[in-house]
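Chemist: Here you go, one structure.
Every number in this text was worked out from the coordinates using simple rules, so none of it is lab data. Since the structure is predicted, the reported quantities are computational estimates derived from the model, not experimental observations. Ideal geometry is used to build each Cβ from the backbone, glycine not excepted, and the neighbour counts take in all protein chains shown.
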Amino acid sequence: MRIAVCPGSFDPLTLGHVDVVRRARTLFDEVVVAVAHNSRKQPLLGADERVALAAQVLADVDGVRVVGTQGLLVDLVRDVGACAVVKGLRGGADVDAEVPMALMNRHLSGVETVFVLGDPALAHVASSLVKDVARHGGRIDDLVPAPVAAAVHRALAGPDRQGGDGR
């Protein structure tokens, strides 16, 4: 069985992410979507909520499972028996950011990274932009799955919101 890990913070999960996972599933027997903590980012949505949303949105895709993860990606890859990491690319900036990580993962574990080119119709969709649009009252329902849009709006509406992980 050929297993791939598709990692990301998915804060929030976008239609671009869903597209990459669905297409990755055509290449591998199983795709493990790894919802990770990114120490360089302040999340809008908590880790457990991001895992639950991804699981809900991807429930109809056979051969896809969602897990939360912390620590090194290569440790998760080893733990699930994956032969590859899958990352989506929208453009040159993504290549510049992803290639060093792919090379480090290969250096640490020998695992290869497979890059899936994102749907050009979604090339402008980034989690950070989705959050910015939502913070300023713009429509995001054509950028993210419906349950994700609702979660983003709830998170932004809370007057006592302290941070995505309850801080």
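Chemist: Assigning unit charges at the beta carbon (Lys, Arg +1; Asp, Glu -1) and nothing else, what dipole magnitude in debye, to the nearest 20, does the chain show about its Cα centre?
Modeler: Numbers: 18 positive and 20 negative charges, 50 e Å.
Roughly 240 debye for the chain.
Chemist: Could you work out [θ]222 nm for the chain from helices alone, using -39500 (n - 2.57) per DSSP H run of at least four and dividing by all its residues? Round to the nearest 500 deg cm²/dmol. Please list the in-between numbers first.
Modeler: Working: 6 runs with 69 residues, N = 167.
Theoretical 222 nm ellipticity from helices: -12500 deg cm²/dmol.
Chemist: Find how many whole Å separate the alpha carbon centroid of the range 105-124 from the alpha carbon centroid of the range 15-68.
Modeler: Taking the Cα centre of each part, the range 15-68 and the range 105-124 sit 14 Å apart.
Chemist: Please report, in cubic angstrom per residue, the volume enclosed by the convex hull of the alpha-carbon atoms of the range 1-70.
Modeler: Details: hull volume 5.5 nm³, N = 70.
Expressed per residue, the convex hull around the Cα atoms of the range 1-70 is 78 Å³.
Chemist: Something else about it: Which FRET efficiency value, to the nearest 0.05, is calculated for Arg154 and Glu112 with the Förster distance at 41 angstrom and r the Cβ-Cβ distance? Present the calculation step by step, with values, prior to reporting the outcome.
Modeler: Values: r = 39 Å, r/R0 = 0.94.
Once rounded, the FRET efficiency stands at 0.60.
Chemist: Still on this structure: Which one is right for this structure if percent of Cα pairs over 20 Å apart is calculated from it: (1) 50; (2) 56; (3) 60?
Modeler: Only one option fits the structure, namely (1).
Chemist: Classify the range 54-95 as rounded, prolate or oblate from the Cα gyration tensor: take a ≥ b ≥ c as the square roots of its eigenvalues, call it rounded if a/c is under 1.5, otherwise prolate when a/b beats b/c and oblate if not. Display every interim value, and only then the final one.
Modeler: Values: a/c = 1.89, a/b = 1.11, b/c = 1.70.
In terms of gyration-tensor shape, oblate.
Chemist: I would also like to ask the following. Which FRET efficiency, nearest 0.05, do Asp29 and Asp132 yield, Cβ-Cβ r, R0 30 Å?
Modeler: Details: r = 37 Å, r/R0 = 1.24.
That pair, Asp29 with Asp132, gives E of 0.20.
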